[in-house]
């Protein structure tokens, strides 16, 4: 049964695009042409009911300035939080300073973080009856429509953007939060029923002697090490088809990682160090050892045993940002890796079972080229923490590349440092607090000497309290005032 609509509302039909479409500066691929009809007398009556005589008081005040011509006053939305699969009424409020002119249209975009799940809700204002080309100076326009998130919406929030566009350009945003592409950020709404993204934490056990790097993981230290947990889809946090797990150990010289990857099609062509392993199949490690959210190192290993490593002094900036003569990815660590494949590497017509990567990263290299305060002290002490994330890139013939992560960034970017998990350095039992030093001769520590002065002060205080209570009436139905002893007040 159709939902009953208000006289001045309509349901916008979303137009879906991949996330890359939103990244375009030109509006032609992110905004939808709407046919403008000349308003009838009935249309004008509807328009007049949505042209306000006084400034509104929206729940979310924005005051975004579009090139000094139009002010976006704010927005109302209900019900909130938004619930996937159900309508949310959106009411926009615009104020016209000077007529924008012919050809301009409004746009309305929705997306999750980093433009994931982009949806287009473009429409002409007031049910299409009052297009921008007819706006007049002094107009205060109320524009109501409905949005509906898909039932499978994976994010905990939804972002609402708006603006004006004509042909291949958008009207500049002179004031207000925007995305750098002249899309005004109107509001960020919570989404009902969505748990916050998983926050990963792992205690790495210390070993006296590191494992032999052979890709077999058949030593007791690996069997005793707990799993870091199953990797999840990097965009949605949902389970993936082919399971990945990892474990981590450390000693005074290396941090060791073991990746166990289910894979029915193990392959990889790259064989040179620092080849673009992320374009095929690989496991990936990112380490922000000092936790500053700025400097970090990155390591990758392919099923073929090819390695990649680089140092990033800032977000997505590489070695050449420090030295123009250097090339990106030119820094090399002392990483060592061994890989075993259960199946046939590169024979894509058969069915494989998986592959294992066993990796050792020198502690001396985890800070990359950083020095001084930007470099972390190694070896770590028991209880020290690093910010770390692990990924796996899996490519199948049928479905293309799938990205998995230990701590899913929930956006299309592995370099989201605030979504890294936390690794705590523990002892050989997984304890994270250093044990107290043993008492010489295994004797129990002596009890601390009594502070006679403190005892006398407590007794005097008790005596004064007792004197103050003496002679006071007893509470009805209560027992005697309890005797006060030193230290018991």
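The values are calculated or read from the model by the stated rules, or taken from the named source; none is laboratory data. These figures come from a predicted structure and were not determined experimentally. No Cβ is skipped: glycine too gets one built from the backbone with ideal geometry, and neighbour counts run over all protein chains shown.
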- [ ] Filter region 408-435 down to the residues that are surrounded by fewer than 16 Cβ atoms within 10 Å (Cβ to Cβ) and outside any loop (DSSP other than H, G, I, E, B), then identify the one that is modelled with the highest pLDDT.
- [x] 422
- [ ] Run down 234, 162 and say which single residue is surrounded by 19 or more Cβ atoms within 10 Å (Cβ to Cβ) and at pLDDT below 95.
- [x] 234
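Let's see how each residue does on (1) crowded, with 16+ Cβ neighbours inside 10 Å; (2) modelled with pLDDT under 90; (3) in a loop (DSSP other than H, G, I, E, B); (4) touching a strand residue (DSSP E or B) at 6+ places or on another chain (Cβ under 6 Å):
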site	(1), (2), (3), (4)
6	no, yes, yes, no
9	yes, yes, yes, yes
31	yes, yes, yes, yes
34	no, yes, yes, no
45	no, yes, no, no
53	no, no, yes, no
58	yes, no, yes, yes
76	yes, no, no, yes
TODO: Among the strands (runs of 3 or more DSSP E) lying completely within region 127-217, list those that include at least 2 residues that are in contact with a helix residue (DSSP H, G or I) (Cβ under 8 Å, 6 or more places away or on another chain).
DONE: 157-166
- [ ] Could you please find all residues in region 372-392 being crowded, with 21+ Cβ neighbours inside 10 Å and either closer than 14 Å to residue 244 by Cβ or without any contact (Cβ under 8 Å) to a residue 24 or more places away in the chain (or both)?
- [x] 389, 390, 391, 392
- [ ] Answer yes or no as to whether residue 338 is at pLDDT 95 or above and on the phi < 0 side of the Ramachandran plot.
- [x] yes
Task: Qualifying residue in region 360-371 (condition: modelled with pLDDT under 95, surrounded by fewer than 14 Cβ atoms within 10 Å (Cβ to Cβ), over 24 Å from the mean Cα position of the chain (by Cα) and in a loop (DSSP other than H, G, I, E, B)) - done: yes
Open item on the list: Tell me whether region 268-278 contains one or more residues that are modelled with pLDDT of 95 or more, within 23 Å of the chain's Cα centre (by Cα) and in the same structural domain as residue 321 (by TED's automatic domain parsing).
Closed with: yes
Open item on the list: Out of 109, 92, 123, I need the residue that is in a loop (DSSP other than H, G, I, E, B) and touching a residue at least 40 places away in the same chain (Cβ under 8 Å). Which one?
Closed with: 123
- [ ] For residues that are surrounded by 20 or more Cβ atoms within 10 Å (Cβ to Cβ) and within 30 Å of residue 110 (Cα to Cα), tally how many sit in region 188-214.
- [x] 2
Task: The lone exception for residue 101 - which of (1) more than 30 Å from the chain's Cα centre (by Cα); (2) modelled with pLDDT of 95 or more it fails - done: (2)
